[in-house]
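Just below is one structure, and these are the notes that go with it.
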Amino acid sequence: MVLVQVVPHKPLQGHKLLVLVPGGPPPSSLDRIRRAFPGLEVVCREKAWADADAAAGVPDDDWKDTTILVTGSALPTRDVAPKLQYVQLMSAGANHVLDHPMFKEPDVAFCTANGVHGPQISEWVIATFLALQHHIPQYLDQQKQGLWKRVDQPVVDSVKKRVGILGYGSIGRQVARVCTAMGMDVHAYTLHARSTPDSRRDRSYAPPGTGDVEGSFPSKWFSGSSTAEMHEFLGSDLDLLVVSLPLTPKTQGLLSKPEFEVLSKKRTFISNISRGPIVNTEDLIEALENDVIQGAALDVTDPEPLPEGHKLWNTKNLIITPHTSGLSTAYLERVLDILLLNLHQFSEGKELINKVNKKEGY
């Protein structure tokens, strides 16, 4: 975990920060940046997160001297922004910019907003899981009918249940914290082995009081890239599986019919807050309709947006939200916290926080 402190640093004289955000950034955050780096020129433009058109609403003069950029999706080409050195994305992943020419520039560092989503997404995971455990959707339907009637199904609480977290990054670590507080056991899965205390530490950004800095919540840690290693994790008596992996060519379609068959042992509930294509949609529908798994909650789908009339809309034991789990009134402030930390690192020539590994794509 990294905390934010405002300490005067090298002024970044001659550098220009361009901030492209919807609604404009909080003035208090900009004031902190200006106090810490009085020599830094700061320019703000309103731009929707998904607006990838770098030219729309951003004058050419803004781009030509920009060395640092905060953006959702809009990226210039090198000829438009010849001085750009550091891009701070507003998303937890970088999959939407991997094919952009600027991403492939070797001297331009990209950093994600990894860490800003943990609190709100962990709440979404637990809220949707408990909603189905406690039959809230049925009771909401009955409320609309003015019907006072108990659902004739058992209620299962979470104490002594087990959550498996597929991808133990900042979101997964906060899910682990919340689940542990509820009395659940935690299993974690990562691509690379985390066999030492130092390897389990979290060095990315996290809001104070959140996450799992030491990597101490999991009672068991799984790792590997083979199907057998993945199935060992999925077969470890999981009551809840949380998918929090980045979307890469290696993770696309990672969960499909063979994996659902492994999960059928406990009829595991699946929560996907990552990217839709990680889960095979047709196989998920089949698993839900045939009671292979207990239920699912999807904040992401494949396809996305989910079109009207798609079979997922009417699949049983399923909660769908339109990619909203990461929303929070504190979102932008946390992104700018990461920016401030990285401006300190940048001014001293140190490694940036949440820097994307361009080879791995995350």
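The values are calculated or read from the model by the stated rules, or taken from the named source; none is laboratory data. Keep in mind it's a predicted model, so treat the numbers as computed, not measured. Every residue, glycine among them, receives a Cβ derived from its backbone with ideal geometry; neighbour counts consider all protein chains shown.
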**Q.** Lone unmet requirement of (1) surrounded by 19 or more Cβ atoms within 10 Å (Cβ to Cβ); (2) of a type in the set (S, T, Y); (3) touching a strand residue (DSSP E or B) at 6+ places or on another chain (Cβ under 8 Å) for T180
**A.** (1)
Q.
For the range 206-250, give me the residue count where each residue is over 19 Å from G93 (Cβ atoms), touching a Cys at 6+ places or on another chain (Cβ under 9 Å) and either in a strand (DSSP E or B) or not assigned by TED's automatic domain parsing to the domain that holds Q133 (or both).
A. 1
Q. Are any of the residues in the range 326-346 surrounded by fewer than 20 Cβ atoms within 10 Å (Cβ to Cβ), among the acidic types (D, E), in contact (Cβ under 8 Å) with a residue 12 or more places away in the chain and under 30 Å from L30 (Cα atoms)?
A. yes
Q: Please report, ordered by residue number, the strands (runs of 3 or more DSSP E) entirely within the range 260-362 with at least 1 residues that are aromatic (F, W, Y).
A: 269-272
Q | Residue list for the range 272-307, restricted to those being of a type in the set (D, E) and over 29 Å from M90 (Cβ atoms) | A | E282, D283, E286, E289, D291
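Residues are listed down the side, and each one gets a yes or a no for (1) among the β-branched types (V, I, T); (2) over 23 Å from the mean Cα position of the chain (by Cα); (3) not assigned by TED's automatic domain parsing to the domain that holds R201:
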position: A127; (1), (2), (3): no, no, no
position: Q133; (1), (2), (3): no, yes, no
position: Q142; (1), (2), (3): no, yes, no
position: P154; (1), (2), (3): no, yes, no
position: V163; (1), (2), (3): yes, no, no
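Per-residue answers, yes or no, for (1) free of Cβ contacts under 8 Å to residues at least 24 places away in the same chain; (2) within 26 Å of S244 (Cβ to Cβ); (3) surrounded by 19 or more Cβ atoms within 10 Å (Cβ to Cβ); (4) not aliphatic (A, V, I, L, M):
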{"residue": "D79", "(1), (2), (3), (4)": "yes, no, no, yes"}
{"residue": "L84", "(1), (2), (3), (4)": "no, no, yes, no"}
{"residue": "V97", "(1), (2), (3), (4)": "no, yes, yes, no"}
{"residue": "C111", "(1), (2), (3), (4)": "no, yes, yes, yes"}
{"residue": "G164", "(1), (2), (3), (4)": "no, yes, yes, yes"}
Q. So which residues in the range 53-70 are assigned to a loop (DSSP other than H, G, I, E, B) and modelled with pLDDT of 95 or more?
A. D65, T66, T67
Q) Among the residues of the range 347-362, how many are in contact with a strand residue (DSSP E or B) (Cβ under 8 Å, 6 or more places away or on another chain) and exposed (fewer than 15 other Cβ atoms within 10 Å of the Cβ)? A) 0
Q. Among the residues of the range 170-179, is there at least one that is assigned to a loop (DSSP other than H, G, I, E, B) and either without any contact (Cβ under 8 Å) to a residue 12 or more places away in the chain or not basic (K, R) (or both)?
A. no
Q: Using the structure shown, decide if Q133 is out of contact with any helix residue (DSSP H, G or I) (no Cβ under 6 Å at 6 or more places or on another chain) and without any contact (Cβ under 8 Å) to a residue 24 or more places away in the chain.
A: no
Q: Give just the number: which of (1) in contact with a strand residue (DSSP E or B) (Cβ under 6 Å, 6 or more places away or on another chain); (2) polar (S, T, N, Q); (3) touching a residue at least 60 places away in the same chain (Cβ under 8 Å) does T67 not satisfy?
A: (3)
**Q.** the range 113-137 - residue that is in a loop (DSSP other than H, G, I, E, B) and not aliphatic (A, V, I, L, M) and, of those, surrounded by the most Cβ atoms within 10 Å (Cβ to Cβ)
**A.** G115
Q) Which residue pairs have Cβ atoms under 8 Å apart, sit 6 or more places apart or on different chains, and have a first residue in the range 138-151 that is outside any helix (DSSP H, G or I) and a second that is among the hydroxyl-bearing types (S, T, Y)? A) V151/Y139
Q) Within the range 16-23, can one find any residue that is surrounded by 13 or more Cβ atoms within 10 Å (Cβ to Cβ) and part of a loop (DSSP other than H, G, I, E, B)? A) yes
Q: For the range 138-162, enumerate the residues that are surrounded by 15 or more Cβ atoms within 10 Å (Cβ to Cβ) and among the charged types (D, E, K, R).
A: K161, R162
